[in-house]
């Protein structure tokens, strides 16, 4: 483990940015979001979550797939991927970092999604431990540890010192490149980090959602959950917007669309939301014509279908964005609690 | 952020090609205005979409034609039954696709073929243009004119004037869609 | 994909002189869907049209674009040509490369480029065209005239004489209207009754005309060609079949204190009454408000007096529903109330009268039997002052902004009538302007001023005051620039006229708009002055704007001609470019209904299939016969449910796209 | 306003028991101090969960559009400003007035938990209303904040305590007076800027848009069965803003579609996860409508006509709009 005084973070950023694009939490338009770092810009680690999740870097909201150029009655197909770039995202929390393994399973599954793959290859994640978890946090429910956030490099910001621990090949390579900036953390540093982790753990034990249990979701009984009568009352509040989906670090549905530029067709993909009435709309109509069906889809996917297909891994990382962002305060924890309590109330 | 390369692309995008600017165009339709010189030396030729109601303005444009009153070829007319048929979507669409100015022409208020259509147009456009101005879009890019079927000369002069105004204003960068230029 | 043929016209050198037509032909060949393109000297000639017809057949074209002159010139020609070749006429689009291109541009390259762009836009639109079929609807061969004044009577007579059935609905117990109240008419001074009553009788006797007097239109539904109208015939309390019009009942009626509206309230009448001697029908009516029997239950003298046993106290209102192909509004006018003109002592002095009241005084059947007397003391006046423009051309907020048009002439008439009978009476007319723009009008006015010695003073009267039993008129003579004080025995106020207040309700039923002064608006102020914006509803007389009798009669005839033009058709063929509502998108919000100038949109609760589910929704329905295709509704509709056939959102956007490409 | 919850439960119980209503639409207690969820209650024993506190900012009118037909007669609790929305929906035939029993509830101004978070207050466990202040118990200690500083944007310029339609009212007279800022002040500030500054302002704001459609779905007048932006046949449908133009288009058209109908309930800005000041677009339209065409408040009554569905022959010309700027 290495360390660096927090006062020298600016130099660290500059060094990273000299060879890779560096994104970290910056305040723009009243929002703290991952943005491209430039000299003089103040990183904001005081707020736990960025408005968008780290998913946006690997699976952007819109992405060009191809361009069909017309000239007269001829059509030429051109690839128009966004240019590749090597980049580093700094300040990723444990939950967001955890979301990537959920996305990986989807996009790496054969045939692998080369757009996602390229970005994953080019991107490096530097996590930051959560010194002050929020009341909306429930990452522990999914086995994630806010105190030990993972990623290619894990960072702790404790007592004016930045502790740096690289975990992967990519991380080691970066560390090697930046080695000159750091000092060895030493035993004292290790001890500080250990103590910091313990402090975080104490807070996690006091979180209001500490007892959130997925016990009832494990194993069989998918149809039972599907048919649970509680969906009816749960979905009543839902407006059918896509906020939860779009702020969610694990939601990964997309639509493929064509845009007529006047000179050809630009084919691109963009995020979709199972909450939208035109989600998976087909010629015959929508397989989930009611809000209830769409609402249920989102949570069944996260809590039943995805685990069913991925060795019990839930498609939620407990970041709590949906709790803070849902316009009507309906969210996955309310669903878990309601369905987890009694299926036949 | 890799996801939003739009702004970079836009910055590097080639300046809009002057699609219909022949070198030997008559001097009276090609007045070079300082600041609007393109790299290749040709003057900026704006693209103007002119919506005309069938009963008054389109007929006014016809009269301008039969009176052989010239106005720049930059103006392209779209016929609609009444100015009240013009949806704000059409105007924004034109800007998206590369129009530099949009002008809505209808019968004089009170003379609408459908008696009240242009009264609604007047309210809609006042609010739409005001909103575009509020968003920082140059208000000179949009215009409503009441042109009767008898006002051929006025139609031509309004078009000349509007083209000149847009030429001074330069290319529509704020409302254009980068994708339509590729 | 639609197979499209493009035909580029030279129009001799009109187009070909400035546009390289061959280049246009070549350029559009690359456009999606274009399978054939050619040029021709004169597309509109028989040769050009036959080339179109041939190509449609040979290349199995689904649509054609003609690059030629304005569609306002030859769209119909080319549609017919296409139709002759078996194509739907609405699969033709015109690119106007003459008026909008070759004639206004000098540079050939520039003009050619623009012609290509215009042609592309037409192709882009055509690619989204759908065959359109005009709707047809039947015509009920009967007209309704609302209002039984001279306008309504004349319209009805003209329609009936042409052989069509007409019903007149009149709210008062007799037809005749305002004209029946008049004494003489300008500028010929013939007696109003003498020229009106024969028409009233003719209308009543006409086998094609039915009169519904003492009746009101209660409800209207339907549309041009087939309106359904509910008419309420108010109870007269007199059986019209039994009554022989002898008038005994009126003589015997003990209640004789009701205000006589026919005399503008200057006299009293009995509770059972006939409005005036020549009323049509000659059938009494019981004014239940004034009738002792109805108010106290203790009379019945009329019933006893009636030998025909026609009195029927139990009679109730009757409602009938009739169908009509056309409706004429002839709801007329009234003088405006002068309550707000206290400076003229109108409410205070019985010697201050409106012109219509004065008309009754002059009339032999009026309250004074035709003798010119002061109502205050029954004496003959020595001096009469006429004040014009009372409430007309006013900006004081109390009156009307418009000129009532008839006052200058009737004031001259009344002044002349006074002078003719009583040359010794001093007659002064205060005017702002004397307006005499009619045949023989100025001569008439000058005769009053010059031959009859009526004193015309340009100036407005500031005040009329009672003074020593007479009236003192304080005024300014603007030409002499001096104050005037004139002693008068009578003051006659030319009150502004206003549309009958009952018109508003009827206008609302028929979706006929009113202007800011409550006159009905025309479909077009210049070109369709007797048609209302609602198809099948026409305007006659004062309800559309101030006018005198000859103008009213002329307009009545014009309205009749329009009605006849409509009734003579067996079927109405509509314009197929009308609004269409997508019921799966419609929210039922009624925005479109609120601004439709033709009342062509109604709402219905309907079963709608949405994504395989059946839902009951409130959805808009467009009546294709009434819709004129302006498209106002399409923009008011936030969900995009409302679209306009022939000019759909997609079509217009496709044109925009093609132009901006 | 927790003080009236007892009366609200009583009223709901009374009407449910009497069969006057088939369901009650209110707010249900959440997991935290600030997250009550709109909910229907069908039986009296569920009413214990009925909540009404400073975080009931959501406007329940919108739910009546979809559920109005299915649920029979619904008792709905509406704050004064929510009643404007319901009036508008009634006028647009989107809600059947006969099917709704409106209980107007008093309001002290609703709170925005994000404002507390923006002040650095994290780990919120409990929020107490203590007079003019909020006492906030957090995982990291007790914090206080003046109540007025935590008001929702929409409550900073309150439309007043009057319920525009109601069948019954609870606590309406007890509503607390709250500071009333000029709701057009921000618009006027923007109007004073140069077009370039305004363009920069809106680019910055709208470029944050993620097209989650929360503004649209929460908006009580954005009640189309199918929005044109979702309708593949409209020619303008888009699921994401694939260009800057589309970021503008969606919000321009949305503002235009609700012009003359928007009651300025402020839901759009309240629900925006990206903190875009969307209400400014609507307020600009309202300000223009008022200065061009005279006083008008959408939702004031259910039988007024939208200024975009009427006209006067003397209306201002479209190019004259900026002469009216600031005239208010």
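Highest mobility in the GNM of chain A, judged by mean-square fluctuation with C-alpha springs under 10 Å and restricted to A:258, A:165, A:104, is found for A:258. With both labels modelled 7 Å from their Cα along Cα-to-Cβ, the residue C:594 to residue C:304 distance reads 6.2 nm. Each 10 Å bin from zero up to the one holding the largest Cα-Cα distance in chain C carries the following percent of pairs: 3, 13, 18, 18, 16, 13, 10, 7, 3, 0. Taken as Cα centroids, segment C:466-482 and segment D:53-98 sit 66 Å apart, rounded to the nearest whole angstrom. Beta bridges from DSSP with both residues in chain C: antiparallel share about 55 percent, rounded to the nearest 5.
For segment A:194-345, what does the relative contact order come out to in percent, with C-alpha contacts under 8 Å and a separation of six or more?
This gives 31 percent for segment A:194-345.
The mean sequence separation of alpha-carbon pairs under 8 Å and at least six residues apart, normalised by the residue count of chain A, gives a relative contact order of 21 percent. Computed from Cα atoms, the angle from the helix C:71-84 axis to the main principal axis of chain C rounds to 60 degrees. Considering only beta bridges that DSSP places wholly inside chain A, some 80 percent are antiparallel. Over all pairs of different C-alpha atoms, segment D:57-130 has a mean inverse distance whose reciprocal, the Kirkwood radius, equals 14.2 Å. In terms of its alpha-carbon gyration tensor, segment C:333-498 comes out rounded; the largest-to-smallest axis ratio a/c stays below the 1.5 threshold. Sorted ascending by nearby beta carbons within 10 Å, beginning with the fewest, C:599, C:395, C:477, C:107 become C:395, C:477, C:107, C:599.
What value does segment C:42-100 have for Rg/Rh, both radii from Cα atoms and Rh as Kirkwood defines it?
On the way: Rg = 10.4 Å, Rh = 11.1 Å.
The Rg/Rh ratio comes out at 0.94.
Test of understanding: what is the full-extension gain from residue C:466 to residue C:483, defined as 0.36 nm times their sequence separation minus their Cα-Cα distance?
Working: separation 17, 0.36 × 17 = 6.12 nm, distance 1.80 nm.
Computed gain between residue C:466 and residue C:483 is 4.3 nm.
Would you order D:264, D:31 from fewest to most other beta-carbon atoms within 10 Å of each residue's own beta-carbon? List each step's numbers first, then the result.
Details: D:264 21, D:31 18.
Ascending Cβ contact count within 10 Å gives the list D:31, D:264.
Classify segment C:248-305 as rounded, prolate or oblate, taking a ≥ b ≥ c as the square roots of the eigenvalues of its Cα gyration tensor: rounded when a/c is under 1.5, otherwise prolate if a/b is larger than b/c and oblate if not. Don't skip to the answer; put the middle values down first.
Working: a/c = 2.16, a/b = 1.35, b/c = 1.60.
Verdict is oblate for segment C:248-305.
If both residues of a DSSP beta bridge must be in the protein assembly as shown, then about 55% of such bridges are antiparallel.
Once you order the gyration tensor axes a ≥ b ≥ c over the Cα atoms, which shape class does segment C:567-661 get: rounded for a/c under 1.5, otherwise prolate or oblate by comparing a/b with b/c?
On the way: a/c = 1.80, a/b = 1.02, b/c = 1.77.
Oblate, because a/c is 1.5 or more while a/b does not exceed b/c.
Read-outs throughout are calculated quantities, based only on the coordinates presented, and are distinct from any laboratory measurement. Every value quoted in this text rests on a predicted model; they were computed, and no experiment measured them. Positions of Cβ are generated from backbone atoms using ideal geometry, with glycine treated the same way; all protein chains shown enter the neighbour counts.
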